[in-house]
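Comments concern the structure below.
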Amino acid sequence: MKAKYLNLRADAAKVLHQILEEGQSARECLPLAQLPHKEQDKAWLQEMVYGVLRNLPILQFWLRQLLDKPLKNRYKIVEQLIMLGFYQLSFSRVSQHAAVSETVAACQPLNTQAMKGLVNAILRTFIREEMSLQEAPNKQIASGLPKWLYKKLQAEYPDGFTDLITNMQLKAPIWLRVNTGKISHTHFVEALGNASIEFTLTTEHPDAIILSKGYDVTSLPGFDKGWFAVQDGAAQLAAFYLEPAQGESILDCCAAPGGKTCHIIESQPGIAKIVALEINEKRAFRIEENLLRLGHNAEIVIGDASTPEKWWDGQLFDRVLLDAPCSATGIIRRHPDIKWLRKAKDIDVLVNLQKQILDAIWALIKPGGTLLYATCSILPEENHLQISDFLSRTPNASLDNRFYNDSVDKPGKQILPGDQQMDGFYYARLLKS
């Protein structure tokens with residue numbers, strides 16, 4: 001039993017080090033760390049890693065008060081281990097004894113045995129002084145956000161800022177989308193009830209189910225039969241807003257992992273053709289996996305959306321879904337590593353890339369066709385400012401008049417994290433004259 005917990009804490013510290021010091025995403029390194037563990041321990045490992053990432057500013061604040069000077073080189077990982085100890089002591093149900101003794105013991109598999117005494121002393125001091133350390137010195141640290149993003153959101157959303165940062169800190173619910181080509185919504189609901197799965201329904205999303213607590217989705221009824229997909233409610237709006245019609249040719253740009261491609265097929269089985277475009281070959285394999293499990297067919301193309309001349313066959317599309325590369329600031333509650341991987345300087349680079357893709361893909365659409373622009377961002381530069389700029393330089397483009405936020409100066413629909421339990425998302429529906 002002891003070795004299991006030692007390995008778990010060591011693995012958690014390794015993942016945190018890979019994210020915070022090496023710039024890897026949790027999607028890359030967390031599954032590898034989870035691989036040798038049992039299901040329950042996999043969940044614990046993710047809970048600890050995500051918990052530290054959600055609360056990193058306050059954990060770092062405490063660390064700087066109790067650690068005389070930053071650790072360097074191969075001992076840097078011990079800082080992540082200490083913060084993991086703080087998180088267990090302040091935010092989890094782990095007992096004080098286990099949090100201290102097993103976190104200290106995790107130094108051994110990390111090859112940092114010389115730091116055992118330091119880790120033990122800091123964690124025990126933390127227990128004694130936690131009440132005096134507990135309060136964050138400012139609202140930015142309490143928010144769990146990096147300083148640049150905190151200030152940016154404060155400026156952009158002054159009225160609802162407190163609610164916004166609160167919702168960004170909460171855990172996101174698991175949304176399912178019923179594959180109605182395989183099973184009716186009613187019958188799937190019955191299957192979940194028979195399996196004692198707790199869930200709620202929403203009238204705004206006719207194909208959706210929201211799980212009331214965390215479940216291993218692969219163990220839910222019908223997973224292997226393709227009865228459902230995991231897809232947030234905001235992402236489920238893409239197929240409805242695109243409005244594909246029978247006999248049409250559809251392009252899904254930046255399509256991995258394929259959830260929207262599959263939903264488009266389910267929403268309109270009579271489409272003539274759908275192309276799923278993805279620049280990353282490894283991520284394109286995820287599209288293939290999802291198509292296979294859900295029982296759908298699509299043409300998968302490996303290519304860069306900003307240079308269609310390298311992959312396009314010259315046939316125009318009736319409709320295009322462009323889920324553009326973005327800051328992913330709308331899904332931070334689901335992927336808290338984004339807060340620490342994304343930097344302020346990245347935004348201009350992404351905005352320029354989005355601009356290139358918009359201009360390139362617009363040429364692939366038939367006259368009278370539709371482009372649905374989407375991001376999982378809540379930053380105006382990537383959303384309504386991007387679309388305003390596109391409309392100003394593109395004479396044959398207009399905005400569907402159903403897609404205004406609160407004024408004509410802000411084209412598109414902006415969903416904020418927590419709105420109707422959804423992730424943060426942006427949509428603009430553009431019509432080609």
* Show the residue pairs that are 6+ apart or on different chains and have beta-carbon atoms under 9 Å apart, the first residue being within region 98-125 and more than 21 Å from Gln60 (Cα to Cα), the second being open to solvent by less than 40 Å² (accessible area, probe 1.4 Å) and part of a loop (DSSP other than H, G, I, E, B). => Gln113/Cys107; Ala114/Cys107
* **Top-ranked residue in region 138-166 [being among the hydroxyl-bearing types (Ser, Thr, Tyr) and in a helix (DSSP H, G or I); ranked as surrounded by the most Cβ atoms within 10 Å (Cβ to Cβ)]** => Ser143
* Asked: Can Arg54 be described as within 30 Å of Ile331 (Cβ to Cβ), without any contact (Cβ under 8 Å) to a residue 24 or more places away in the chain and out of contact with any Phe, Trp or Tyr (no Cβ under 8 Å at 6 or more places or on another chain)?
  -> no
* Asked: Can you name every residue in region 335-368 that is farther than 14 Å from Glu382 by Cβ, part of a loop (DSSP other than H, G, I, E, B) and open to solvent by less than 60 Å² (accessible area, probe 1.4 Å)?
  -> His335, Pro336, Asp337, Leu364
* Asked: So which strands (runs of 3 or more DSSP E) are wholly in region 205-291 and hold at least 1 residues that are on the phi < 0 side of the Ramachandran plot and over 22 Å from the mean Cα position of the chain (by Cα)?
  -> 249-253, 273-278
* Residue satisfying all of: in region 213-239; exposed (fewer than 12 other Cβ atoms within 10 Å of the Cβ) and without any contact (Cβ under 8 Å) to a residue 40 or more places away in the chain; farthest from Tyr426 (Cα to Cα) among these -> Ser219
* **Residue tally, condition more than 16 Å from Ala360 (Cα to Cα) and out of contact with any strand residue (DSSP E or B) (no Cβ under 6 Å at 6 or more places or on another chain), over region 275-287** => 5
* Structure fact -> Checked region 174-204 for anything surrounded by 19 or more Cβ atoms within 10 Å (Cβ to Cβ), of a type outside the set (D, E, K, R) and either touching a His at 6+ places or on another chain (Cβ under 9 Å) or not in a strand (DSSP E or B) (or both); matches are Ile174, Trp175, Val178, Asn179, Ile183, Phe188, Leu192
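Here's the yes/no breakdown for (1) closer than 29 Å to Arg342 by Cα; (2) touching a Leu at 6+ places or on another chain (Cβ under 8 Å); (3) surrounded by 14 or more Cβ atoms within 10 Å (Cβ to Cβ); (4) not aromatic (Phe, Trp, Tyr):
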position	(1), (2), (3), (4)
Gln46	yes, yes, yes, yes
Arg74	yes, no, no, yes
Tyr87	yes, yes, yes, no
Val94	no, no, yes, yes
Gly117	no, no, no, yes
Leu123	no, yes, yes, yes
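The values are calculated or read from the model by the stated rules, or taken from the named source; none is laboratory data. Since the structure is predicted, the reported quantities are computational estimates derived from the model, not experimental observations. We place every Cβ from the backbone using ideal geometry, glycine too, and count neighbours over all the protein chains shown. For the accessible areas, the whole protein counts, side chains as well, though only heavy atoms, and no ligand, DNA or RNA atoms are used. Shrake-Rupley method; radii C 1.70, N 1.55, O 1.52, S 1.80 Å.
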